[in-house]
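Colleague: Below: one structure in structure tokens.
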Amino acid sequence: MAQAATAAAAAAAVPLAGGRARAARAVLDQVVLPGEELLLPEQEDAEGLAGSGERPLRLNAGVRSRVRVVCGPGLRRCGDRLLVTKCGRLRHKEPGGGGGGGGGVYWVDSQQKRYVPVKGDHVIGIVTAKSGDIFKVDVGGSEPASLSYLAFEGATKRNRPNVQVGDLIYGQFVVANKDMEPEMVCIDSCGRANGMGVIGQDGLLFKVTLGLIRKLLAPDCEILQEVGKLYPLEIVFGMNGRIWVKAKTIQQTLILANILEACEHMTADQRKQIFSRLAES
């Protein structure tokens with residue numbers, strides 16, 4: 001019985017990917033599956049995996065490691081390994097906009113409906129309750145986030161921000177993990193609002209997929225450039241799939257909202273046709 005239990009424990013300790021571990025750079029922009037183990041190019045003079053020049057990603061390699069890797073959504077640290085936890089396309093961003101070396105940010109781009117809070121994400125929330133000195137904010141996750149009244153620019157015990165139930169809040173997460181309640185702030189590291197805080201009463205709030213939000217926030221996104229040429233507008237994007245938009249008239253606001261919702265399933269030619277028709281009208 002003891003031998004059987006030991007064999008079962010050893011089998012459970014084997015990664016789900018087994019011998020199917022693949023190099024991260026070889027599968028960039030390709031579909032990865034939960035349980036796969038990611039490998040990075042060797043940076044130090046050490047033996048590679050089966051002579052291939054690669055090894056499992058070591059996140060606690062100490063002073064020897066010169067590569068700093070940040071795990072984004074869809075990836076999980078498991079000891080000295082990096083495992084895939086979501087099905088989607090593997091994405092990578094070089095550190096500091098370039099430099100290579102295998103470091104930077106890795107994440108899995110997947111189409112999911114429920115938002116999972118991530119530290120540093122800027123989101124749009126709705127104030128649902130006031131509990132003493134804490135506001136409860138609905139961010140679309142499994143539980144509401146907490147927001148202190150001191151987490152606003154210039155807020156003190158005497159000078160409290162004017163926040164009411166039902167207000168829209170644009171802020172960022174400072175605490176976000178599976179074991180703690182999410183915590184938001186409306187100031188940056190320097191204590192400045194930097195565009196965060198209570199969003200105006202006018203405008204329209206609507207929800208889109210998380211994939212569309214990431215697409216719209218990409219530096220080379222052409223959709224926003226084309227939308228900005230139609231009408232003067234104010235727009236706020238939340239990584240939790242919420243968009244707030246405001247134009248001069250209600251009709252223009254509704255047109256912009258419908259365009260942004262429909263752009264996810266349009267080709268570039270279809271978008272050009274619609275924008276040309278709207279420009280003529």
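No value in this document is a laboratory result; all are computed from the given coordinates. Fair warning: this is a prediction, and the values are worked out from it, not measured in the lab. Glycine also receives a Cβ, built like all others from the backbone with ideal geometry; neighbour counts cover every protein chain displayed.
Colleague: Would you mind computing, in nm to one decimal, how far apart the modelled labels at residue 207 and residue 251 are, each placed 7 Å from Cα along Cα→Cβ?
Modeller: Here the modelled spin labels are 3.0 nm apart.
Colleague: Regarding the range 147-273, what is the average projected area of its C-alpha convex hull, in nm²?
Modeller: On the way: hull surface 39.1 nm².
Projected over every direction and averaged, the Cα hull of the range 147-273 covers 9.8 nm².
Colleague: To continue, here is another question. Subtract the Cα-Cα distance of residue 165 and residue 93 from 0.36 nm times their separation in residues, and report this length gain in nm to one decimal.
Modeller: Separation in residues times 0.36 nm, less the Cα-Cα distance, equals 22.1 nm.
Colleague: Can you give me the distance in nm between label points at residue 217 and residue 188, each placed 7 Å from the Cα along the Cα-to-Cβ direction?
Modeller: 1.5 nm
Colleague: Then there is this: By how many nm would the segment from residue 112 to residue 261 lengthen if fully extended, with 0.36 nm per residue of separation less the alpha-carbon distance? Walk me through the numbers before you get to the answer.
Modeller: Working: separation 149, 0.36 × 149 = 53.64 nm, distance 1.61 nm.
Net length gain for the segment: 52.0 nm.
Colleague: Provide the convex hull volume over Cα atoms per residue for the range 114-171, in Å³.
Modeller: 82 Å³
Colleague: Which lysines have a Cα less than 27 Å from the Cα of residue 229, not counting those fewer than 8 places away in the same chain?
Modeller: Residue 229 reaches 207, 215, 246, 248, 272.
Colleague: Computed FRET efficiency, Cβ-Cβ of residue 155 and residue 128, R0 25 Å: what is it to the nearest 0.05?
Modeller: The pair residue 155/residue 128 has a calculated efficiency of 0.80.
Colleague: Okay, moving on. Can you give me the long-range amide H partners of residue 230? Hydrogens built in the peptide plane at 1.01 Å from N, cutoff under 5 Å, separation of 5 or more residues or another chain.
Modeller: none
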